[in-house]
Amino acid sequence: MSIDHKVEVVNALTQKFQESSGIYLTRYTGMNVAQATSLRSEFRNNNVSYFVSKNTLTKIAAKNAGYEDRLDDVLVGQIGIAYASGDPTAPARVIKNFGKENKDTA
């Protein structure tokens, strides 16, 4: 990934952190492609942005957005972040319903 692309990603993530009404971190380890596609679709249907990015870039963006080092301990491993733009509880509902339907993954 080029430095210019990394800067773009950090800027976009910083903006997401600043503008979101709710931020939910998810571990996607163990999900198959169909489950991941289903989860992303449900997030879209509920006006939730879901991104998977390098943890290092996400940590920089979180720090730029004023979270300092508060997320460093949880940004380990395979993490996806759901950003709510309207209803701050929308990602939680999607995650909860996904967990019920995919007990072996959640």
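The values are calculated or read from the model by the stated rules, or taken from the named source; none is laboratory data. Keep in mind it's a predicted model, so treat the numbers as computed, not measured. Positions of Cβ are backbone-derived with ideal geometry, glycine not excepted, and every protein chain shown enters the neighbour counts. Surface areas here come from the heavy atoms of the whole protein model, side chains and all, with no ligands, DNA or RNA. Shrake-Rupley method; radii C 1.70, N 1.55, O 1.52, S 1.80 Å.
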For Lys59, state whether it is touching a strand residue (DSSP E or B) at 6+ places or on another chain (Cβ under 6 Å) and either free of Cβ contacts under 8 Å to residues at least 60 places away in the same chain or among the basic types (Lys, Arg) (or both). no
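Take the range 84-96 and flag every residue that is in contact (Cβ under 8 Å) with a residue 60 or more places away in the chain and surrounded by fewer than 17 Cβ atoms within 10 Å (Cβ to Cβ).
Listed by number, the residues that qualify are Ser85, Gly86, Asp87, Pro88, Thr89, Ala92.
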Check Asn46 against each of (1) more than 17 Å from Leu13 (Cβ to Cβ); (2) in contact with a helix residue (DSSP H, G or I) (Cβ under 8 Å, 6 or more places away or on another chain); (3) at pLDDT below 90 and name the one condition it does not meet. (3)
Suppose we filter the range 15-33 for residues that are more than 16 Å from Lys100 (Cα to Cα) and of a type outside the set (S, T, N, Q); how many remain? 8
Would you please name the residue that is farthest from Gly30 (Cα to Cα), looking only at residues in the range 51-83 that are of a type in the set (Lys, Arg) and open to solvent by 90 Å² or more (accessible area, probe 1.4 Å)? Lys63
Among helices (runs of 4 or more DSSP H) lying entirely in the chain, which contain 2 or more residues that are touching a Leu at 6+ places or on another chain (Cβ under 8 Å)? 3-19, 55-62, 90-101
Which pairs turn up if I take residues in the range 30-51 that are without any contact (Cβ under 8 Å) to a residue 24 or more places away in the chain and look for partners that are open to solvent by less than 40 Å² (accessible area, probe 1.4 Å) with beta carbon separation below 7 Å, at least 6 apart in sequence or on another chain? Arg40/Tyr50
Here's a check for you: in the range 11-35, which residue that is closer than 16 Å to Ala92 by Cα and among the small types (Gly, Ala, Ser) is least open to solvent (accessible area, probe 1.4 Å)? Gly22
